[in-house]
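What follows is a short report on a single structure.
The values are calculated or read from the model by the stated rules, or taken from the named source; none is laboratory data. Small disclaimer: the values here were computed from a predicted structure and weren't measured. Every residue, glycine as well, gets a Cβ built from its backbone with ideal geometry; the counts of neighbours run over all protein chains shown. Protein only, heavy atoms only, side chains kept; ligands, DNA and RNA dropped before computing areas. Shrake-Rupley method; radii C 1.70, N 1.55, O 1.52, S 1.80 Å.
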Amino acid sequence: MGPVVSGKTTLSEYLAHGVVPEELVATGGIQRIEPTADLALAGLKLKVKVVLDASGEPEAIRAWHDQAVVADFLVYLVSYAEAADEAYMARVRRDAGQLRDWKQLGELKDDCHTALVVTHMDCHEPFRQGIGLELAADAERVARTAPAVRAAVRELGPSCTVIAGSLADDEGCADVTARLLTALNAKLA
């Protein structure tokens, strides 16, 4: 889930097929993507049953809810490139507040976890050449200073997992996904 052009389709396709799609088209409604293989990264293996890619339009929140209530793990994406924009920040705050409310109202599974993935970190000069594990903590610290990311963490709570990176290529997607799997594994342990 997340606003338009935050990387939802790229990450969805990567989770389902292990490659970054060459061409992206804006998603309308909910798109069900059938995985072609299990995902193995960072010594962890993820059996992906189905990936749901949702439109990033503001009115998609109802469709997000319908899918979130049956999800085991939610990923909300925020674009670092847009994170200082006031309207974008308001949108992220609204969305993250909805996720928090759904959880508090018991509408999500008790063991459902939410992770915040901050994309387009390659727009920030120190990370133009990639992030990788050696710069991951730095990227996440920088990402947390962006207004929209601060707003999301405020709504989702300080224990919310934040993964910062770039989804521009297979290597960046692998890095973000490996850190996401590691975080998920730690939450489930």
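Descriptive notes on the structure:
- Of everything listed in (1) within 17 Å of the chain's Cα centre (by Cα); (2) open to solvent by 50 Å² or more (accessible area, probe 1.4 Å); (3) charged (D, E, K, R), the single unmet condition for Glu22 is (1).
- Residue satisfying condition, being out of contact with any helix residue (DSSP H, G or I) (no Cβ under 6 Å at 6 or more places or on another chain) and modelled with pLDDT of 80 or more, within set Glu59, Glu23: Glu59
- Checking Arg32 against (1) closer than 25 Å to Arg144 by Cα; (2) surrounded by fewer than 17 Cβ atoms within 10 Å (Cβ to Cβ); (3) of a type in the set (Lys, Arg), the condition it does not meet: (1)
- All conditions but one from (1) open to solvent by 20 Å² or more (accessible area, probe 1.4 Å); (2) under 28 Å from Lys45 (Cα atoms); (3) modelled with pLDDT of 85 or more; (4) not basic (Lys, Arg) apply to Thr145; the one that does not is (2).
- Selection status of Glu13, surrounded by 17 or more Cβ atoms within 10 Å (Cβ to Cβ), more than 18 Å from Val92 (Cβ to Cβ) and at pLDDT 80 or above: yes
- Which listed residue is under 24 Å from Ala164 (Cα atoms) and either out of contact with any strand residue (DSSP E or B) (no Cβ under 6 Å at 6 or more places or on another chain) or of a type in the set (Gly, Ala, Ser) (or both), from Leu11, Leu15, Leu52: Leu11
- Matching residues in the range 66-100 - criterion: being open to solvent by less than 50 Å² (accessible area, probe 1.4 Å) and in a strand (DSSP E or B): Leu74, Val75, Tyr76, Leu77, Val78, Ser79
- Where Lys45 falls short, out of the listed (1) assigned to a strand (DSSP E or B); (2) open to solvent by less than 10 Å² (accessible area, probe 1.4 Å); (3) among the charged types (D, E, K, R): (2)
- Filtered residue count, the range 92-110, keeping only those that are more than 18 Å from Val162 (Cβ to Cβ) and within 18 Å of the chain's Cα centre (by Cα): 4
- In the range 148-173, residue least open to solvent (accessible area, probe 1.4 Å) [restricted to those that are touching a Ser or Thr at 6+ places or on another chain (Cβ under 7 Å) and among the aliphatic types (A, V, I, L, M)]: Leu167
- Pairs with Cβ under 9 Å, 6+ apart, first in the range 8-27 and among the basic types (Lys, Arg), second in a loop (DSSP other than H, G, I, E, B) and open to solvent by 30 Å² or more (accessible area, probe 1.4 Å): Lys8/Met1
- Within the range 115-139, residues that are farther than 23 Å from Glu155 by Cβ and of a type in the set (Val, Ile, Thr) reach partners that are modelled with pLDDT of 75 or more and open to solvent by less than 10 Å² (accessible area, probe 1.4 Å) with beta carbons closer than 8 Å, at six or more positions or on different chains, in the pairs Ile131/Met121; Ile131/Ala139; Ile131/Ala164; Ile131/Gly165.
- For Arg150, the conditions (1) touching a residue at least 40 places away in the same chain (Cβ under 8 Å); (2) in a helix (DSSP H, G or I); (3) not hydrophobic (A, V, I, L, M, F, W, C) are fulfilled apart from (1).
- Of the residues making up the range 108-142, those that are open to solvent by 70 Å² or more (accessible area, probe 1.4 Å) and either under 30 Å from Val69 (Cβ atoms) or touching a His at 6+ places or on another chain (Cβ under 6 Å) (or both) are Lys109, Asp110, Asp111.
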